[in-house]
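Just below is one structure, and these are the notes that go with it.
No value in this document is a laboratory result; all are computed from the given coordinates. Quick caveat, the model's predicted, so the values are computed rather than measured. Neighbour counts run over all protein chains shown; Cβ positions are idealised from the backbone, glycine included.
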Amino acid sequence: MAKTGRDKNTKNKAKHSRLVDQKKNKKRKEADLRKERLTALKQKIKESKENEK
């Protein structure tokens, strides 16, 4: 006998996938920000080395 009305677990699945996507986006954003900081730091170190010479 099939269940009538709303499908089972669709609300929870949608909520879970939204939260997981938020978490993944946050991690990706933090990783990109870290990469940008590192490249800026590398550039600054490179410039300071060139100025010493």
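What per residue convex hull volume, in Å³, do the alpha-carbon atoms of the chain yield?
Cα convex hull per residue, to the nearest whole number: 44 Å³.
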Thr4 and Lys26 label points (each 7 Å along its Cα→Cβ direction) are spaced in nm at 4.2
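Within 12 Å, Cβ to Cβ, of Arg18, how many net charges do the neighbouring residues add up to if Lys/Arg are +1 and Asp/Glu are -1?
+4
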How tilted is helix 10-52 with respect to the longest principal axis of the chain? Cα atoms for both, answer in degrees (0 to 90, nearest 10).
0
